[in-house]
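Presented below is the structure to which this report refers.
The values are calculated or read from the model by the stated rules, or taken from the named source; none is laboratory data. Model, not experiment: these values are computed from the prediction. Virtual Cβ from ideal backbone geometry, glycine too; neighbours counted across all protein chains shown. These area figures cover heavy atoms from the full protein model, side chains too; ligands, DNA and RNA do not enter into them. Shrake-Rupley method; radii C 1.70, N 1.55, O 1.52, S 1.80 Å.
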Amino acid sequence: MRKKRVEDSRTEQFRLLKYEDINGANRLFGGKLMAWIDEVAGVAARRHCEEDVTTACIDNLQFKEPAFLGNMVVIIGRITYIGKSSMEVRVDSYVEDSKGFRRPINRAYVTMVALDENERPKAVEFGLELETTAEEMEWESGKKRAELRKQRRREGF
């Protein structure tokens, strides 16, 4: 099986928060951030598998800090684990100040599924080449998360 590096899937998106991104509490609307996270995860997965993809689940979404009008939000996604037709994408979101300092505001793990021409799940043709200890640790954690997702499905969740 051919392999790709984690960095080959890395996707980075920047958003300057505008009025339409802000909720009634003058913070970034969580649903808006969720849509951006899904978009970044889809691009990262598509870069890896070279196929169309769809979102299967977002099984971890932690809002750590708020973001406000005028903040720059940076969203970074990368493949962490690959199953048969699915790919787990870790998506980290940050607020970046004018000096480039980034403060984490969210982390999500999104499962994307590769699709064939009939929009049915398709085996991912590329493995993942792990180059660092951190990537290896993320892979092992991804295996555990995948097993937990399977267990939840068996339990009806």
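Structural remarks
- Dipole magnitude for region 26-93: computed about the Cα centre from +1 point charges on Lys and Arg Cβ and -1 point charges on Asp and Glu Cβ, it is near 180 debye.
- Within the chain, helix-based [θ] at 222 nm, where runs of 4 or more DSSP H residues each add -39,500 (n - 2.57), nearest 500: -9500 deg cm²/dmol
- Mean accessible surface per residue for the chain, computed with a 1.4 Å probe while every protein chain stays in place, in Å²: 58
- For LYS99, no aspartates and glutamates have a Cα closer than 12 Å to its Cα, not counting residues fewer than 8 places off in the same chain.
- Percent RCO, i.e. relative contact order, over the chain, from Cα pairs under 8 Å lying at least 6 residues apart: 28
- Angle between the chain longest axis and helix 133-154 axis [Cα atoms, degrees, rounded to 10]: 80
- Taking the 1.4 Å solvent-accessible surface of the chain as the whole, the part contributed by carbon and sulfur is 48%.
- Rounded to the nearest 10 degrees, the angle from helix 30-49 to the longest Cα principal axis of the chain is 40 degrees.
- Accessible-area value, TYR94, 1.4 Å probe, nucleic acids and ligands omitted, Å²: 50
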